[in-house]
1. Of the residues 151, 103, which is of a type outside the set (A, V, I, L, M, F, W, C), over 17 Å from residue 2 (Cα atoms), in contact with a Gly (Cβ under 9 Å, 6 or more places away or on another chain) and part of a loop (DSSP other than H, G, I, E, B)?
2. Search the range 155-198 for residues being in a loop (DSSP other than H, G, I, E, B) and over 30 Å from residue 212 (Cα atoms), and hand back the single one that is nearest to the chain's Cα centre (by Cα).
3. From the list 116, 161, pick out the single residue that is touching a residue at least 60 places away in the same chain (Cβ under 8 Å), among the hydroxyl-bearing types (Ser, Thr, Tyr) and at negative phi.
4. Answer with yes or no whether residue 40 is modelled with pLDDT under 90, assigned to a helix (DSSP H, G or I) and either within 21 Å of residue 169 (Cβ to Cβ) or more than 13 Å from the chain's Cα centre (by Cα) (or both).
5. Cβ-Cβ under 7 Å, sequence separation 6+ or interchain: first residue in the range 129-142 and farther than 16 Å from residue 116 by Cβ, partner surrounded by 14 or more Cβ atoms within 10 Å (Cβ to Cβ) and β-branched (Val, Ile, Thr). Which pairs?
6. Look through the range 1-44, keep the residues that are among the hydrophobic types (A, V, I, L, M, F, W, C) and surrounded by fewer than 20 Cβ atoms within 10 Å (Cβ to Cβ), and return whichever of them is nearest to residue 180 (Cα to Cα).
Amino acid sequence: MRIILLGAPGSGKGTVAEGLRRAYGFPKVSTGDLLREAVREKTPLGLVAASQMGKGGLVDDATVLALLRERLSRADCRDGYVLDGFPRNLSQADSLDGLGLAGPEVVFDLRVSDETVLERLARRRTCPGCEAIYHLLDKPPKRAGLCDVCGAALVQRADDTPEVIRERLKTYHAKTEPLAARYAARGNLHLIDGDAAAPAVIAAVRAVLDPLVAAGTGGEAPR
């Protein structure tokens, strides 16, 4: 099963992906995580990505797709996986189709207002060491300013400032939202109220997935 999470920055895709991992065992596959891991480990693809990022550009689709293809070939993706951050545009969706799929494809569009995105990201803090993510209101660290996992000082990402967030939203609306129409035409798109609290969002997603997972395993859906 391929589960695709669409949504603006700050819509809660990572939180939903983690909830689905706990419920079904499907790994979260994030292209951002794959890129950071490849760059950190200096793999051949990581060196290519680092060169492009060092020049201030975006990593080309071919490199991202190669990283994704390798990740999806691992054993833990055999029964299903959750894509967080890919595809971002119609061209990437075409490339994803080219990878093939054994099983159903289910797409969720986490709909949130721009105001919600601004509020969430402005209060987001990230650990530069272990990459754990916090929110100053909804998920604060136990010790102010310090990561619960490794103790490193938390930082605000450069792209989480209000000015940058607004530009990111413009890019999202222009390039990513057309994907919703593509998947709606296929009949596999489900609109989710992403402004709701995280447990309610995950419950809404699971209401769609539980019957599909149960049908695929021949038993009851996970609890």
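1. 151
2. Kept after step one, since they are in a loop (DSSP other than H, G, I, E, B), are these residues of the range 155-198: 156-157, 161, 177, 187-188, 194-197.
Then keep just the ones that are over 30 Å from residue 212 (Cα atoms); that gives 156-157, 161.
Numbers: 156: 19, 157: 17, 161: 20 Å.
Of everything passing the filter in the range 155-198, 157 is nearest to the chain's Cα centre (by Cα).
3. 116
4. Details: modelled with pLDDT under 90: yes; assigned to a helix (DSSP H, G or I): yes; either within 21 Å of residue 169 (Cβ to Cβ) or more than 13 Å from the chain's Cα centre (by Cα) (or both): yes.
Spelling it out, residue 40 is indeed modelled with pLDDT under 90, assigned to a helix (DSSP H, G or I) and either within 21 Å of residue 169 (Cβ to Cβ) or more than 13 Å from the chain's Cα centre (by Cα) (or both).
5. That search, which allows pairs on different chains as well, returns 133/126.
6. Only one residue fits best here, namely 1.
The values are calculated or read from the model by the stated rules, or taken from the named source; none is laboratory data. Just so you know, these numbers come straight off a predicted model, no measurement behind them. Neighbour counts are summed over all protein chains in view; Cβ atoms, including those assigned to glycine, are modelled from backbone coordinates with ideal geometry.
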